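First up is the structure itself, then whatever we jot down about it.
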There are 2 protein chains.
Amino acid sequence: MSKTNLVRFIQNIFPISDSKAKQIADKYVQKSIPKNDFILTEGHICSASHVIESGFLRGFIYDVDGNDVTISFYSKDTSAYDIFSFFKQVRSTENIQALTDCETWYMSYETMQESFHAIPEFREFGRLNLINNYGALKERMLSMIQETAEQRYVNLINSNPEILQIAPLKNIASYLGITDSSLSRIRKEFAKK
Amino acid sequence: MSKTNLVRFIQNIFPISDSKAKQIADKYVQKSIPKNDFILTEGHICSASHVIESGFLRGFIYDVDGNDVTISFYSKDTSAYDIFSFFKQVRSTENIQALTDCETWYMSYETMQESFHAIPEFREFGRLNLINNYGALKERMLSMIQETAEQRYVNLINSNPEILQIAPLKNIASYLGITDSSLSRIRKEFAKK
DNA sequence: TTCACTTCTTGCCATTTGGCAAGCATTCCA
DNA sequence: TGGAATGCTTGCCAAATGGCAAGAAGTGAA
């Protein structure tokens, strides 16, 4: 499979020459993930970062009452992994499962460490990627503080409409911080408008 | 003023030799910040990262309705700055203000870039610091999704009791994602227990 | 095809939180 | 020191959300 999208993904985060971007892209390995397969389960160290070529994955944890709580959705041109577990090489509390068949490009922790060392531009790419992820997480936390559930739902419609067609309602509800009953009602109200 | 705490702060994030830690600490410059002074105002690029030796600061934004929303509290042995604005050198939407007189160690963006380049251990320290901040933010977002306002309040009592004595109730309330009236009631209920 | 399972909706009611305003105490200045 | 501003509490009621359960519709597997 062509690494065109992967190269574009890299250059989108850190604008560098095609040749440098290709050199980085070469470190990634293709992988097919069948629907419902896990790329990470809780209690394990996250060993690889997956850049998604196609398909959707879902990250979730089990809360103290055993409820499945969706932490994040991963779609095309995002990286699916537990950042904290991966970079600190500690056990993850998170599960990441394919919602659909997926094609990804992955890189192991070891390869990433070596590549950080060998390719300064990759180091910078990695740093910017981290910062972008931090910024996105902060945005999301602010929306949890400031916005109503309905506003968060509308944001999700606008930013990631496909996921609403793919993930079951209860997953979307827990991602938004509400119950599936409430989301069902919000959706009904929103449809009226 | 002695850089003992600063050196310990560095080694706590990334265990390295005293001499390396001191070499990094040397890049930080002392600064006194009087109560109510701002170290960052919205619309400006965050130009420095402040490691707090003593005192408390508060980060906040104004939401669409002009309400003051507290994003974070900064206390001893944390860094006060807008990570995204600082590392990407873009305008911040955030304000950071001293809640009390503060003593800090700061480093400018330029010095940090030079030091990243010159000291590989500092680079690694910076990366770990970013990852720790990411992890803390993720924890906080999860608590917004999973926990009740009262649980979040109790968490704050346990993790940062001093801030409850220093920051006004409405700041703490918006930090927890609720109104000051609600927090006042939650506090009353909690006191009964 | 059938049967179990999942998904989604909805009704009922409880709980949590918000919005607003009044009242009181404290603090901060001029 | 007087007056304004700020901070906190509380009463009243509305709005948002949760918990639970029932039922309809869709899905998947033997």
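Every number here is computed from the coordinates shown, using simple stated rules; none is lab data. Model, not experiment: these values are computed from the prediction. We place every Cβ from the backbone using ideal geometry, glycine too, and count neighbours over all the protein chains shown.
Between A:ALA167, A:ALA21, A:ALA118, where does the largest GNM mean-square fluctuation fall for chain A, given springs only between Cα atoms within less than 10 Å?
Comparing A:ALA167, A:ALA21, A:ALA118 in a Gaussian network model of chain A, the most mobile one is A:ALA118.
Restricting to Cα pairs below 8 Å that are 6+ residues apart, what does the relative contact order work out to for chain B? Please round to a whole percent.
Working: 291 pairs, mean separation 44.4, N = 193.
Contact order relative to length: 23 percent.
How many partner chain Cβ atoms sit within 10 Å of a residue's Cβ in peptide B:84-90, on average, as a whole number?
On the way: counts 7, 1, 1, 7, 4, 0, 1.
Counting other chains' Cβ atoms within 10 Å and averaging over B:84-90 gives 3.
Considering the alpha-carbon set of chain B alone, what are its Rg and its Dmax in angstrom?
Both quantities, over Cα of chain B: 17.5, 56 Å.
So, counting K/R as plus one and D/E as minus one, what does the shell of residues with Cβ under 10 Å around B:ASN95 add up to? Mind showing how you got there, number by number?
Details: positive: B:ARG58; negative: B:GLU42, B:ASP68, B:ASP82, B:GLU94.
Here the count lands on -3.
Leaving out same-chain residues fewer than 8 places away, which lysines sit with a Cα under 30 Å from that of B:LYS22?
Partners found: A:LYS88, B:LYS3, B:LYS31, B:LYS35, B:LYS76, B:LYS88.
Rg to Rh ratio, the stretch A:88-193, alpha-carbon atoms and Kirkwood radius? Mind showing how you got there, number by number?
Values: Rg = 18.0 Å, Rh = 16.8 Å.
That ratio equals 1.07.
Go ahead and collect, in residue order, the members of the stretch A:45-66 whose backbone nitrogen is under 16 Å from a label point 7 Å along the Cα-Cβ direction of A:SER32.
Under cut-off, by backbone N: A:53-56.
What are the nm distances, shortest first, from A:LEU128 to its equivalents in the other copies, labels at 7 Å along Cα→Cβ?
Shortest to longest, the spacings are 2.6 nm.
Roughly how crowded by other chains is peptide A:139-148, in terms of the mean Cβ count from those chains within 10 Å of each of its Cβ atoms?
On the way: counts 1, 5, 11, 8, 2, 7, 13, 8, 3, 0.
For peptide A:139-148, the averaged partner shielding equals 6.
What's the average, rounded to a whole number, of partner chain beta-carbon atoms within 10 Å of each residue's beta-carbon in A:118-131?
Numbers: counts 0, 0, 1, 0, 0, 3, 1, 0, 1, 6, 2, 0, 7, 7.
Averaged over the peptide's residues, the number is 2.
Taking the Cα centre of the stretch A:99-193 as the origin, how large is its charge dipole in debye, to the nearest 20, when only Lys and Arg (+1) and Asp and Glu (-1) carry charge on their Cβ atoms? Before the final figure, lay out the partial values.
Values: 11 positive and 12 negative charges, 141 e Å.
So the dipole magnitude of the stretch A:99-193 works out to roughly 680 debye.
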